[in-house]
1. Within region 259-303, restricting attention to residues that are over 19 Å from the mean Cα position of the chain (by Cα), part of a loop (DSSP other than H, G, I, E, B) and aliphatic (A, V, I, L, M), which residue is surrounded by the most Cβ atoms within 10 Å (Cβ to Cβ)?
2. Checking I138 against (1) farther than 17 Å from P125 by Cβ; (2) part of a helix (DSSP H, G or I); (3) among the β-branched types (V, I, T), which test does it fail?
3. Could you check how many residues of region 49-65 are exposed (fewer than 13 other Cβ atoms within 10 Å of the Cβ) and more than 25 Å from V184 (Cα to Cα)?
4. Does V212 meet the test of being in a loop (DSSP other than H, G, I, E, B) and touching a residue at least 12 places away in the same chain (Cβ under 8 Å)?
5. Condition first: buried (at least 16 other Cβ atoms within 10 Å of the Cβ), assigned to a helix (DSSP H, G or I) and without any contact (Cβ under 8 Å) to a residue 60 or more places away in the chain. Now tell me which residues in region 106-133 satisfy that.
6. Do we find that A246 is surrounded by 14 or more Cβ atoms within 10 Å (Cβ to Cβ), touching a Leu at 6+ places or on another chain (Cβ under 6 Å) and either in a loop (DSSP other than H, G, I, E, B) or among the aliphatic types (A, V, I, L, M) (or both) in this structure?
7. Name the single residue, out of those in region 66-94 being over 27 Å from S186 (Cα atoms) and touching a helix residue (DSSP H, G or I) at 6+ places or on another chain (Cβ under 8 Å), that is modelled with the lowest pLDDT.
Amino acid sequence: MKPLPSMLAATRLTQAGKLLEAGEMLREMFGGGAAAPEPVARTGQFLERSYTGPAGRIDYKLYVPLNATAGAPLVVMLHGCTQSPDDFATGTRMNALADAHGVLVAYPAQARTANAQKCWNWFVPAHQTRDRGEPALIAGLTREIIAGYAVDRTRVFVAGLSAGGAAAAVMAETYPELFAAVGVHSGIACGAARDLSSAMQTMQRGSGKPGVAARLVPTITFHGDRDSTVNEANAGEVVARAGGAARGLTTLVTSGVSTGGRHYTQAVSRDSSGRAMIEQWTIHGAGHAWSGGDAAGSYTDPLGPDASSEMLRFFLQR
């Protein structure tokens, strides 16, 4: 007897990793009797993937929310040193926001073979160049997801923390046509260092010469003014580099207090049409940690304003 068409469809969904859809189809086929109790909370799929291209191979995890549809946005999240995709997802709570907004989230994983502390090598010239090294790998997996999930190519974003924030800044400059906006949390401007020695100096006090990006990619930064790992001056250099590529921006500075009691300053630079092109958030009293993050993840500051929500708001305005 030939398998039923619905069974074949369910098999294909399972092979494609779409387990939730396959499960729903099977329940419809073989349902009956007492209904199974609904789970207290339902989440999307957190899938393990890998990408191989001319620059090598990289593993990543992809979060596909329950309500994902063709034309969904994509956010690429680059973890900090010693972190993993799972840890970073937990600390930023980005997957919960993905469920709320129908956004796919990718978490590339740096291998220990590439860096003993699992840092992105943002300070190495070979990893600051288009179509080479880590930028090529991250761009490659991003394009793979865009094609595989019919992502809206105009709403693809990149963000990161610390070394991941520095790598996100590199991605925005090496692939400005791929990423519609960038979020840099406790990170460093593209090209600020060219080796380990200059990287350490830049982390301590900034490079002192941020330069100007060739093209403005809308940028949002978060940085604690008590960060002893990456000096807050680096956020100013990220903003200066992005702003130098724009003309006619007007900046308004405001202040506020998070629900957790952290004071912050927010500088928003808008173009002539009123669109926010650059946002710089300075979190007063905060150290080297994701603002508003979950304490279950590493390098988080639960007291601060919610960097994940604010980044996603900024991204989805594009």
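1. Looking at residues that are over 19 Å from the mean Cα position of the chain (by Cα), part of a loop (DSSP other than H, G, I, E, B) and aliphatic (A, V, I, L, M), I get A286.
2. Here I138 clears every test but (1).
3. 2
4. Numbers: in a loop (DSSP other than H, G, I, E, B): yes; touching a residue at least 12 places away in the same chain (Cβ under 8 Å): yes.
Spelling it out, V212 is indeed in a loop (DSSP other than H, G, I, E, B) and touching a residue at least 12 places away in the same chain (Cβ under 8 Å).
5. Residue satisfying the conditions is H127 alone.
6. Details: surrounded by 14 or more Cβ atoms within 10 Å (Cβ to Cβ): yes; touching a Leu at 6+ places or on another chain (Cβ under 6 Å): yes; either in a loop (DSSP other than H, G, I, E, B) or among the aliphatic types (A, V, I, L, M) (or both): yes.
Taking the combined requirement at face value, the residue satisfies it.
7. First, the residues of region 66-94 that are over 27 Å from S186 (Cα atoms): 66-72.
Subsequent filtering for residues that are touching a helix residue (DSSP H, G or I) at 6+ places or on another chain (Cβ under 8 Å) retains 66-67.
Details: L66: 90, N67: 85.
If we take residues in region 66-94 being over 27 Å from S186 (Cα atoms) and touching a helix residue (DSSP H, G or I) at 6+ places or on another chain (Cβ under 8 Å), then N67 is modelled with the lowest pLDDT.
This table checks each residue for (1) closer than 20 Å to A168 by Cα; (2) at pLDDT below 95; (3) not basic (K, R).
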| site | (1), (2), (3) |
| --- | --- |
| P218 | yes, no, yes |
| A233 | yes, no, yes |
| R247 | no, yes, no |
| G285 | no, no, yes |
| H288 | yes, no, yes |
| S291 | yes, no, yes |
| T300 | yes, no, yes |
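The values are calculated or read from the model by the stated rules, or taken from the named source; none is laboratory data. Keep in mind it's a predicted model, so treat the numbers as computed, not measured. Backbone-built Cβ (ideal geometry, glycine too); neighbour counts: all protein chains shown.
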